[in-house]
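Read the figures in this text as sums done on the coordinates, not as results from a lab. Because the structure is a prediction, the values reported are computed rather than measured. Cβ placement follows ideal geometry from the backbone for every residue including glycine, while neighbour counts extend to all protein chains displayed.
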């Protein structure tokens with residue numbers, strides 16, 4: 001198998017539907033033997049994950065229902081521990097503990113990392129270990145000194161596979177820092193143009 005995400009996600013039923021819909025041939029090359037198994041994070045994946053300030057996390061409940069939760073924090077709250085492992089803090093806040101409860105019974109997780117401004121997403125499948133405050137060596141790596149969020153536990157995720165998605169149907173959205181940066185660039189450009197215009201005017 002040349003692509004770990006495809007190995008996990010492309011079940012026989014999925015492959016059958018791909019065949020019926022005419023897309024199966026496009027994906028068969030993902031399953032050819034290759035050195036690229038898409039279960040080891042490279043520099044591109046590490047940089048993309050480290051730049052995110054939020055993600056969507058899906059877990060599986062004891063009833064079989066999926067549960068999707070938004071997780072957020074300061075930029076870089078998801079840490080790259082090595083090419084197979086990422087970790088993030090579980091900040092105190094939502095007291096339903098549905099995700100935590102699900103993960104105590106089924107450690108499988110699906111993560112979506114979104115970059116709306118650049119219409120890019122990274123899908124990641126993994127297995128989670130819940131780490132308590134009694135593991136200071138891990139918790140210390142998750143601390144964000146300039147953030148007021150209180151860490152209740154850590155999620156240490158072993159990467160099983162990942163896949164990049166095309167930008168189709170991703171709506172561009174921009175954060176306030178994105179807008180402020182664009183406004184600053186525009187203001188600098190206006191000043192530059194006004195200066196040049198003043199220089200061109202006859203004295």
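The ranking of 60, 159, 185 by Cβ neighbour count inside 10 Å, starting from the fewest, reads 185, 60, 159. Put the Cα centre of the range 141-167 next to the Cα centre of the range 29-88 and the gap is 8 Å. Compared with the direct C-alpha span, the chain from residue 107 to residue 164 gains 18.3 nm at full extension, assuming 0.36 nm per residue. Across the range 112-203, the fraction of Cα-Cα pairs farther apart than 23 Å, rounded to a whole number, is 61%. GNM on the chain, alpha-carbon springs under 10 angstrom: the most fluctuating residue among 37, 174, 67 is 174.
Each Cα pair under 8 Å and six or more residues apart adds its separation to the average, and for the chain the resulting relative contact order is 21 percent. I need the shape label for the range 66-165. Rule: rounded when a/c is under 1.5, else prolate if a/b > b/c, else oblate, with a, b, c from the alpha carbon gyration tensor. Since a/c stays below 1.5, the shape of the range 66-165 is classed as rounded. Kindly express, to the nearest 10 degrees and within the range 0 to 90, the angle between helix 12-21's C-alpha long axis and the longest C-alpha principal axis of the chain. Helix 12-21 and the main axis of the chain meet at about 50 degrees.
Rounded, prolate or oblate: pick one for the chain, where a ≥ b ≥ c are the square roots of the eigenvalues of its C-alpha gyration tensor, a/c under 1.5 means rounded, and failing that, prolate if a/b is larger than b/c, else oblate. Oblate. The alpha carbon gyration tensor of the range 54-94 gives principal lengths a ≥ b ≥ c with a/c of 1.5 or higher and a/b no greater than b/c, which makes the shape oblate. Listed from fewest to most Cβ neighbours within 10 Å, the set 21, 30 follows the order 21, 30. Residues 3, 150 in ascending order of nearby Cβ atoms (within 10 Å, fewest first): 150, 3.
At a Förster radius of 41 Å, what calculated FRET efficiency corresponds to the Cβ-Cβ distance of residue 115 and residue 62, to the nearest 0.05? The formula returns an efficiency of 0.75 here. Taking 20 Å as the cut-off, the amide N atoms of the range 169-183 that come nearer than this to a point 7 Å along the Cα-to-beta-carbon line of residue 21 belong to 169-171.
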